[in-house]
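The values are calculated or read from the model by the stated rules, or taken from the named source; none is laboratory data. What you see is a predicted model, and the numbers here were worked out from it, not measured in a lab. As a convention, Cβ positions derive from the backbone with ideal geometry for all residues, glycine included, and neighbour counts pool all protein chains shown. Surface accessibility is based on the protein's heavy atoms, side chains included, excluding ligands, DNA and RNA. Shrake-Rupley method; radii C 1.70, N 1.55, O 1.52, S 1.80 Å.
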Amino acid sequence: MGNLKVAAVQFENASGDKVYNLSVIEEIVSQASRSGVEVIAFHECSVTGYSFARKLSRSEMLTLSEVIPNGPSVTALIDMANKYKITILAGLFEKDEYENMFKAYVCVNETGLIAKHRKLHPFINSNLLPGTSYTIFEIKGWKCGILICYDNNVIENVRATALLGAEIIFMPHVTMCTPSPRPGAGFVDAELWKEKDKNAAVLRSEFDGDKGRNWLMKWLPARAYDNGIYAVFCNPIGMDDDQLKNGCSMIINPFGEIVAECRTMENEFIVAELCKDGLEMSGGFRYKNARRPDLYGEILASPHTPDQQVAWLKK
């Protein structure tokens with residue numbers, strides 16, 4: 001029931017190359033374990049790569065996807081967790097026995113699969129089905145939840161996960177640096193990455209500006225603050241298929257403060273020691289207790305047809 005030492009990772013994945021991605025994951029897990037990290041979290045689809053999946057047919061997606069927990073990638077993650085005595089969270093594409101496919105994120109330790117979340121709002125490939133439930137589980141006496149990328153943009157998902165008891169919400173992403181209707185959004189020129197040391201100043205300006213971190217700061221700290229939870233945000237650095245991503249993996253405390261953040265342009269992990277004392281001291285804890293669902297319960301539950309628009313996927 002004590003403090004928990006958690007790491008959030010950024011790394012440059014290879015599209016469709018699970019062997020390579022798992023090798024990088026193991027290298028980082030090994031380093032984190034030697035640093036005393038108890039829990040380590042990687043980004044959305046860290047095992048498989050992400051953006052390239054928008055180009056894949058159903059048969060190609062089925063080949064890429066794996067059953068969970070007995071597929072080779074989750075088995076490899078469990079073996080790593082056992083070898084390094086650490087809890088690992090990572091993402092991949094899942095298929096079930098009926099060839100339904102999902103965007104999944106798993107939590108494993110040396111005993112096996114602890115939790116699996118299916119993304120509630122998938123969009124990268126039309127063959128993916130949405131998850132139908134929230135995910136609550138325990139790591140060393142801490143109640144945890146998972147919400148994948150777009151799931152976190154719908155504020156009700158974060159509140160619901162917190163109301164189900166989550167003290168930590170793992171928020172794996174592949175995000176930022178894509179066009180959208182909001183001012184300042186857009187791709188970052190991938191040519192800059194080919195000489196990233198030479199172009200470091202320009203890249204940092206782009207990564208931290210309105211295309212990237214500035215946008216993230218408009219909403220991500222509020223998810224932690226309003227709900228009184230720790231947010232563990234993970235995002236890749238470098239090329240994901242043909243898109244350049246800006247990393248910025250970070251851990252945010254229940255007061256909405258960044259306590260650790262990746263700031264290099266390399267594969268990197270950062271560490272924070274989470275303390276339960278901050279949970280009940282936070283404004284979000286008090287706000288949850290002050291709720292009056294009698295006022296808005298029916299409003300929130302009123303019929304609504306989801307309309308999920310992702311501007312950069314439009315042809």
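Ignoring ligands, DNA and RNA, what percent of the 1.4 Å accessible area of region 11-132 is carbon and sulfur?
Using a 1.4 Å probe with all protein chains present, region 11-132 comes out at 48 percent carbon and sulfur.
Just checking the listed ones, ALA166, ALA14, ALA290: in the Gaussian network model of the chain with Cα springs under 10 Å, the one fluctuating most is ALA290.
Evaluating kT/(6 pi eta Rh) at 25 °C and 0.890 mPa s, with the Kirkwood radius of region 129-218 over Cα pairs in the Stokes-Einstein relation, gives 160 µm² s⁻¹. Using alpha-carbon positions, what is the distance between the centroids of region 101-160 and region 218-235, in Å? Region 101-160 and region 218-235 have Cα centres separated by 16 Å. Net charge of the neighbourhood of HIS121, taken over other residues with C-beta under 10 Å away and scored Lys/Arg +1, Asp/Glu -1, is +1. How much of the DSSP bridge set in region 1-146 is antiparallel, in percent, rounded to the nearest 5? Close to 70 percent. Rounded to the nearest 5, the antiparallel percentage of DSSP beta bridges internal to the chain is 70%.
Fully extending the segment from ARG58 to PHE123 would add 22.0 nm, taking 0.36 nm per residue of separation and subtracting the current Cα-Cα distance.
Note on region 24-115: Cα convex hull, mean projected area over all directions, 5.7 nm². The charge dipole of region 7-106, taken about its Cα centre with unit charges on the Cβ atoms of Lys, Arg (+1), Asp and Glu (-1) only, comes to about 140 debye. Within straight-line reach of LYS194, meaning a Cα separation under 17 Å, sit the following aspartates and glutamates at least 8 residues removed in sequence or on another chain: GLU12, GLU206, ASP240, ASP241, ASP242, GLU266.
The base-10 log of I(q)/I(0) for region 217-315, evaluated at q = 0.13, 0.16, 0.17, 0.24 Å⁻¹, reads -0.69, -0.89, -0.93, -1.15 [Debye formula, identical scatterers on Cα atoms, solvent excluded]. Please name whichever of PHE269, TRP219, LEU164 sits farthest to the positive end of the charge dipole of region 136-277, dipole taken about the Cα centre and charges placed at Cβ: Lys and Arg +1, Asp and Glu -1. The residue sitting most towards the positive pole is LEU164.
Are there any GluC sites (Glu not before Pro) in region 60-126 that are in a DSSP loop and have at most 13 other Cβ atoms within 10 Å? List them by number.
Details: sites: GLU60, GLU66, GLU94, GLU97, GLU99, GLU110; in loops: GLU97, GLU99, GLU110.
Loop-located and lightly packed - GLU97, GLU99.
Placing pseudo-labels 7 Å out from each Cα toward the beta carbon at ARG263 and GLU99 gives an inter-label distance of 5.1 nm.
Just the number, please: Stokes-Einstein D of region 95-138 in µm²/s, Kirkwood Rh from C-alpha pairs, 10 °C, 1.306 mPa s. Numbers along the way, then the final one.
Details: Rh = 11.5 Å.
For these conditions, the coefficient is 138 µm²/s.
Two decimals is fine: what is log10 I(q)/I(0) at q = 0.12, 0.16 Å⁻¹ for the chain, from a Debye sum with one equal scatterer on every Cα and no solvent? The computed values of log10 I(q)/I(0) come out as -0.78, -1.45.
Structure shown: which of LYS83/LYS140; LYS85/LYS288; LYS116/LYS198; LYS103/LYS218; LYS196/LYS218; LYS83/LYS245 lie over 29 Å apart, alpha-carbon to alpha-carbon?
LYS85/LYS288; LYS116/LYS198; LYS83/LYS245
Just to verify a number: FRET efficiency for ASP17 and ILE299, C-beta to C-beta distance, R0 = 51 Å, to 0.05? Given R0 = 51 Å and the Cβ-Cβ separation, E is 0.65.
Taking a quarter of the surface of the convex hull around the Cα atoms of region 72-194, what do you get in nm²?
10.4 nm²
Think of a 1.4 Å ball rolled over the protein heavy atoms: the chain then has 44 Å² of accessible area per residue. Each Lys and Arg adds +1 at its Cβ and each Asp and Glu adds -1 at its Cβ; summed about the Cα centre, the chain shows a dipole of about 500 debye.
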